[in-house]
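Each remark here refers to the structure printed beneath this line.
Computed from the coordinates by the stated procedures, all read-outs in this text should not be read as laboratory data. Since this is a predicted model, take the numbers as computed values, not measurements. Quick reminder, even Gly has a Cβ in these numbers, built from the backbone with ideal geometry, and neighbours come from all protein chains shown.
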Amino acid sequence: MADNEGNIEAKNYNTDVAVKTDGFFLKGNAHADWGVQNRLARIFNAKSGNTVMLAFDHGYIMGPTSGLERMDLSIVPLIQYADCIMCSRGTLRSVVPPLAGKPVALRFSAGSTILTELNNECLVGIDDAIKLDASALAPMVAIGDMKFEAKTIQNLAQCADYTSRYGIPTLGVTAVGKNLVRDARYLGLATRVCAENGANFVKTYYCEEGFEKVVAGCPVPIVIAGGKKLPEADALELAYKAISSGARGVDMGRNIFQSENPVAMIQAVKGVVHEGLNPKDAYQMYCDLAKKA
Ligand code: 5RP
């Protein structure tokens, strides 16, 4: 209870000490709202500046993908190793323990499946994202899709409005259509369009040629998807090359949960992303951990 008598007079103003004006460790977000920075700092490790996101949202368009048939058995044991999880609200409520304690990049758009035309998506309700304490809103953006490009960019722009209103960052998720090539020109355009329309960070694919230009041309951090399952050594090399070219992390699914040993694999990926392990050492780490399991 405040008193109006007998209070000690304030005197520690430290007039000779300048107030620190800290920058923010993620590019393009130095002027973001406190809530946005706070949530980004839950997703990204402030020491390495990077993140290992575990993606298991594939079922929202693909159904029971290999490795995701029983997510209570395959995914829940992996969550403890991830910096952030990415999934749909259905999976979050039905599978992920509320005590998991990990930030959630919520799959925030939904629509057609692989059985019909992909990319015809609308947004999920913001009230639910707030209720679920989402740390990021993740709409899919189909740059170059003749039919749904504008609709999905409008979805992203709507998310950016939610970001301004509620302080929940937007993660632009670039989807590559069937007839589009994942080269630096396309990925550079797609990631830049996401950033220009308000994404706080962008998920895209790695490309061998010119990925550093994709990163440089995107004013906010990029995280890469793993794509289809590769041999473990190759997937670790992919992560290494992406980080070496400036990606700030991975949002990886199949190359972790479809691995021979997912627990070993996610730890080896963390070795690359946070500790700068080279692909050879990371693969050795994977083999050692897999042997012990
Ligand atoms: C599915 C997605 C996935 O989250 C994304 O593709 C990451 O998973 P993977 O590493 O398996 O490619 O956006 O719609």
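For the reader, a short list of remarks on this structure follows.
- For the range 212-225, 3J(HN,Hα) per residue [Karplus equation, 6.51 cos²θ - 1.76 cosθ + 1.60, θ = phi - 60°, Hz, x = Gly/Pro]: 5, 6, 4, 5, 5, x, 10, x, 10, x, 10, 10, 10, 7
- Put in line by how crowded their Cβ is, counting other Cβ atoms within 10 Å and starting with the fewest, L123, L106 read L123, L106.
- Taking max minus min of the alpha-carbon positions on each principal axis, the range 1-91 gives extents of 67, 36, 21 Å, largest first.
- DSSP bridge pairs, the chain: antiparallel proportion in percent, nearest 5: 10 percent
- Semi-axes of the equivalent ellipsoid for the range 185-293, Cα gyration tensor, largest first, Å: 27, 12, 11
- One equal scatterer on each Cα of the chain, no solvent, Debye formula: the resulting log10 I(q)/I(0) at q = 0.12, 0.14, 0.16 Å⁻¹ is -0.74, -0.99, -1.30.
- Cα long-axis angle, helix 262-275 against the chain (0 to 90 degrees, to the nearest 10): 50 degrees
- Rounded to whole numbers, the Karplus 3J(HN,Hα) couplings from phi for the range 238-246 are 4, 4, 4, 5, 5, 5, 5, 8, x Hz, using 6.51 cos²θ - 1.76 cosθ + 1.60 with θ = phi - 60°, and x at Gly and Pro.
- Helix 184-196 axis versus longest C-alpha principal axis of the chain: approximately 30°, rounded to the nearest ten.
- For the range 1-105, the list of trypsin sites (Lys or Arg not before Pro) that fall in a loop by DSSP and count at most 13 other C-beta atoms within 10 angstrom reads K11, K20, K47, R70.
- GNM remark for the chain: springs join alpha carbons under 10 Å apart, and the peak mean-square fluctuation among G49, G227, G23 falls on G23.
- Eigenvalues of the alpha-carbon gyration tensor of the range 224-274, scaled by 5 and square-rooted, set the equivalent ellipsoid semi-axes at 16, 11, 9 angstrom, largest first.
- Residues whose amide H lies under 5 Å from that of G28, counting only those 5 or more places away or on a different chain, are absent; hydrogens are built 1.01 Å from N in the peptide plane.
- A simple rule links phi to the HN-Hα coupling: the Karplus curve 6.51 cos²θ - 1.76 cosθ + 1.60 with θ = phi - 60°, which for the range 159-175 gives 4, 4, 5, 5, 4, 5, 7, 10, x, 9, x, 9, 9, x, 10, 7, 9 Hz, with x for Gly and Pro.
- Rounded to 10°, Cα long-axis angle of helix 279-292 versus longest principal axis of the chain: 80 degrees
- Over the chain: helical MRE at 222 nm, DSSP H runs n ≥ 4 each giving -39500 (n - 2.57), nearest 500: -11000 deg cm²/dmol
- Restricting the trypsin sites (Lys or Arg not before Pro) of the range 108-199 to loop positions (DSSP other than H, G, I, E, B) with no more than 10 neighbouring Cβ atoms within 10 Å leaves K178.
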